[in-house]
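Participant: Below you'll find the structure I mean.
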Amino acid sequence: MYMLRIQGLNKSFYTGSSGDGMNGEKVAVRGVNLSLREGDFVTVIGSNGAGKSTLLNIIAGVYYPDSGTIYLDGKDITRLPEYRRAGSIGRVFQNPGHGTAGSMTIEENLAMALRRGKPRRLARGVTESDRKLFRDYLCLLDLGLEKRLTDPVRLLSGGQRQALALLMAAMTRPRLLLLDEHTASLDPKTAEHILNLTCKIVAQNRLTAIMVTHNLMHALNVGSRTLMMHEGEIILDVSGSERAGMTVEDLLDKFAKVRGERLVEDRLLLA
Amino acid sequence: MSPTVGMLRAALEQGLVYGILAIGVYLTFRVLDFPDLTVDGSFPLGGAVAATLIVAGWNPFLATALAAVFGYVAGITTGVLNTKLRISGLLSGILTMTALYSINLRIMGRSNVPLLRQDTVLTLIEGLGIPEPVRALVLFFVVVAVFVLVVSAFLHTEFGLALRATGDNERMIRSLGVDTDTMKIVGLGISNALVAFSGALVAQFQGFTDVGMGIGMVVAGLASVIIGEVVVPPRTVVRAVTGAVAGSVVYRLVIAFALRAGFAPTDLKLVTAAMVVIALAAPGTTFAPLVKRYLGLGSGRAAIAGVAGSGEEPGKRAGANQEAR
Ligand SMILES: Nc1ncnc2c1ncn2[C@@H]1O[C@H](COP(=O)(O)OP(=O)(O)O)[C@@H](O)[C@H]1O
Ligand SMILES: [Mg+2]
């Protein structure tokens, strides 16, 4: 029994015009099939425009696919509005500003995340018992934020904000955690800290997660399975011993090979 | 009573009663980051509903409450146009406002309804023993204080947090499972309920309602909100809501002084618009820090803190407000 099952997913974007002679149609995701078991931690790599973010956005319900089906825990969620599936899906975005509300305080942000997927009542937004819980959670981040519950989030650094966003995405133990290059806009040291936190949180809560990264070393060292996307397709899917034996060089080779094949195909077509 | 004291009292009365409108404008422009122009129609709607019902013999308190309900409906109309029909926020408000002009005339049956010799909320509280010269002042102060407390408390509820997050970071709050369309619709409804309530009280206070009395109300409300941010730097929600009312009072004082300085009453909308333009045009900032620096309000330290504290956010929002969505 798979927890997430994606079948025959396709998604194109139509822009007014494009230089590639394709009537402004841009295929972002092409025939993607993907199944995840509970507890899988999948990393995804691929060059810019490969369709990684689009795939995550379709899973989260930001876009509906042109065709294909998505099952979460056996339930067809393909056409479920984003806000109605958000109870089971936590997300962290690349830009730390996107995952938090800057004008609101740390505790207010956490309180909103604590009610993920639940109705918003006219009850007090942050209670005393919430605060206690938040302090405990924030201690885990090891950034001293537990002493700054009433600071507006806009005062935090990018790394602090991203750590908070990660906590907000994971604190209610969603069925699925989607991380889209969530360390890419941070300096290397901060990125490493956020990545360690991610691994810790995912492991402790036994979360099922998909993490897009541009760092090939992270892609192989973190998680249990690695996908490579190219032009909307999943062109590599490795796990287990095959993955354990892989190096960054192997990944680069695979990548160069796909690109090369494509080039050859193009040349044949043109000839 | 000297003319100056009378002038100050009148400005204070108006500042408080229009302060309810300013709270409504604060909810859309600042909390929801939605430039809502419905206000110019929902304000006279409040007056029209209250005046018509009072003339028909209804209890003025009930008539005022019903005016707020009508304002709520006007607000959710704009919200539905924007979120469900995907019409830009600015245009949605203009459409509702325009439709309301006809609706208000229908409700009133003519363009002006006098309330002379009618019972109003002001005549009904005569028995409470508040001396005449300050009766309206006391009533408006109490009403506005209640609204400041209730709206501030509301913005700290689970629903209120989601509403604020919808204006701050829509993508994030949607990813937490909130239907942001509903948030905008309800937020616009509450805002225009406050505006219509204000219109209903103003009609009873001035003794008539006029179909044209909404012209320029959005801009007046916005001026109040911006002035409020200068007078009471909005470090917390309670301060921001209080600031909207304080800004409304200062705005009415400025208007009173402009009249004394020789401006014709018909010039006041130009004066108001100019005030808002100056506030929004200051690059990357509202004029809070500028005013502080040039008027030398507060210590130098506070002035710098003001620049650092309010420099980024309100400026960014002022820019965002001008965009059609
Ligand atoms: N909202 C959108 N509108 C138009 N084109 C889009 C949109 N989102 C993505 N695309 C296009 O789809 C392709 C895949 O983009 P994306 O999924 O963001 O790639 P990745 O995350 O792998 O870099 C790109 O060519 C991109 O330009
Ligand atoms: Mg991407």
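No value in this document is a laboratory result; all are computed from the given coordinates. None of these values were measured; they are calculated from a predicted model. Don't worry about glycine lacking a Cβ; one is built from the backbone with ideal geometry, like all the others, and counts go over all protein chains shown.
Participant: Please identify the helices of chain B, taking whole runs of DSSP H, that span at least 30 Å along their own axis as judged from the Cα atoms and have a mean Kyte-Doolittle score of 1.6 or higher.
Facilitator: B:132-154
Participant: Same structure, new question: Measuring from label point to label point, each 7 Å out along Cα→Cβ, what is the B:ALA56 to A:ARG206 span in nm?
Facilitator: 6.4 nm
Participant: Something else about it: D for region B:1-158, whole µm²/s, Stokes-Einstein with Kirkwood Rh over alpha-carbon pairs at 37 °C and 0.692 mPa s: what number?
Facilitator: The calculation lands on 189 µm²/s.
Participant: Counting alpha carbon pairs within less than 8 Å and at least 6 residues apart, what relative contact order, in whole percent, applies to chain A?
Facilitator: About 25 percent, as a whole number.
Participant: To check you understand DSSP bridge types, tell me what percent of the beta bridges within the protein assembly as shown (both residues inside) are antiparallel, rounded to 5.
Facilitator: 60 percent
Participant: Please give me the summed charge of the neighbours of A:HIS218: other residues whose Cβ is under 11 Å from its Cβ, Lys and Arg +1, Asp and Glu -1. Could the numbers behind the result be given before it?
Facilitator: Working: positive: none; negative: A:GLU181, A:GLU192.
Charge balance in the 11 Å sphere: -2.
Participant: Additional query: Aspartates and glutamates within cross-link reach of B:LYS84: Cα-Cα under 20 Å, excluding same-chain residues under 8 positions apart?
Facilitator: A:GLU82, B:ASP33, B:ASP36, B:GLU170, B:ASP179, B:ASP181, B:GLU323
Participant: Can you pull a Stokes-Einstein diffusion coefficient for region A:12-137 at 10 °C (1.306 mPa s), Rh from Kirkwood over Cα pairs, as a whole number of µm²/s?
Facilitator: Answer, rounded: 90 µm²/s.
Participant: Let me ask you something else. 222 nm [θ] for the protein assembly as shown, helices only, -39500 (n - 2.57) per DSSP H run of 4+, per residue, to 500?
Facilitator: -18000 deg cm²/dmol
Participant: Using alpha carbons only, how many degrees (0 to 90, rounded to 10) separate the axis of helix A:128-141 from the longest principal axis of chain A?
Facilitator: 50 degrees
Participant: With the radius of gyration and the Kirkwood radius both derived from the Cα set of chain A, what is their ratio Rg to Rh?
Facilitator: 1.00
Participant: Still on this model: Arrange the following residues from fewest to most other Cβ atoms within 10 Å of their Cβ: A:CYS139, A:CYS199.
Facilitator: Fewest to most other Cβ atoms nearby, the residues stand as A:CYS139, A:CYS199.
Participant: Now, a different point. Could you check which residue among A:THR247, A:THR78, A:THR43 shows the biggest mean-square fluctuation in a GNM of chain A with a 10 Å Cα cutoff?
Facilitator: A:THR247
Participant: Additional query: By how many degrees, between 0 and 90 and to the nearest 10, does the Cα long axis of helix A:188-204 differ from the longest principal axis of chain A?
Facilitator: It works out to around 80 degrees.
Participant: GNM, chain A, Cα, under 10 Å: largest mean-square fluctuation among A:GLY117, A:GLY144, A:GLY102?
Facilitator: Looking only at A:GLY117, A:GLY144, A:GLY102, the biggest GNM fluctuation is shown by A:GLY144.
Participant: OK, next. Kindly put B:LEU201, B:LEU16 in sequence by how many other C-beta atoms sit within 10 Å of each C-beta, fewest to most.
Facilitator: Going from least to most buried by this count: B:LEU16, B:LEU201.
Participant: Also: Straight distance only, please: which lysines reach the Cα of A:LYS257 with their own Cα at less than 30 Å, same-chain residues fewer than 8 apart left out?
Facilitator: Candidates past the 8-residue exclusion: A:LYS11, A:LYS26, A:LYS52.
Participant: Tell me, what is the percent relative contact order of chain B, built from C-alpha pairs under 8 Å that lie six or more residues apart?
Facilitator: Averaging sequence separation for qualifying contacts and normalising by length gives 31 percent for chain B.
Participant: Now a separate question. Let me see the P(r) profile for the protein assembly as shown: every Cα-Cα distance counted, bins of 20 Å, each bin given as a percent of all pairs.
Facilitator: The calculated distribution, bin by bin, is 18, 44, 28, 10, 1.
Participant: How large are Rg and Dmax for chain B when only the alpha carbon atoms are used, in Å?
Facilitator: 19.3, 60
Participant: Looking at chain B, identify the longest residue range that excludes and avoids all chymotrypsin sites (Phe, Trp or Tyr not before Pro) in DSSP loops having at most 16 other Cβ atoms within 10 Å.
Facilitator: B:59-262
Participant: Top mean-square fluctuation among B:GLY216, B:GLY19, B:GLY93, Gaussian network model of chain B, C-alpha springs under 10 Å?
Facilitator: Of the options given, B:GLY216 has the highest mean-square fluctuation.
Participant: Here's another thing I want to ask about it. For A:LYS200, list the aspartates and glutamates whose Cα falls under 14 Å from its own Cα; do not include residues on the same chain fewer than 8 positions away.
Facilitator: The qualifying aspartates and glutamates are A:ASP142, A:GLU192.
Participant: Provide the FRET efficiency to the nearest 0.05 for the A:SER129-B:LEU128 pair, computing r from the beta carbons and using R0 = 51 Å.
Facilitator: Plugging the Cβ-Cβ distance into 1/(1 + (r/R0)^6) gives 0.75.
Participant: Cut-off is 10 Å between beta-carbons; in what order do B:ARG9, A:ARG91 appear when sorted fewest neighbours first?
Facilitator: Arranged by neighbour count, lowest to highest, B:ARG9, A:ARG91 become B:ARG9, A:ARG91.
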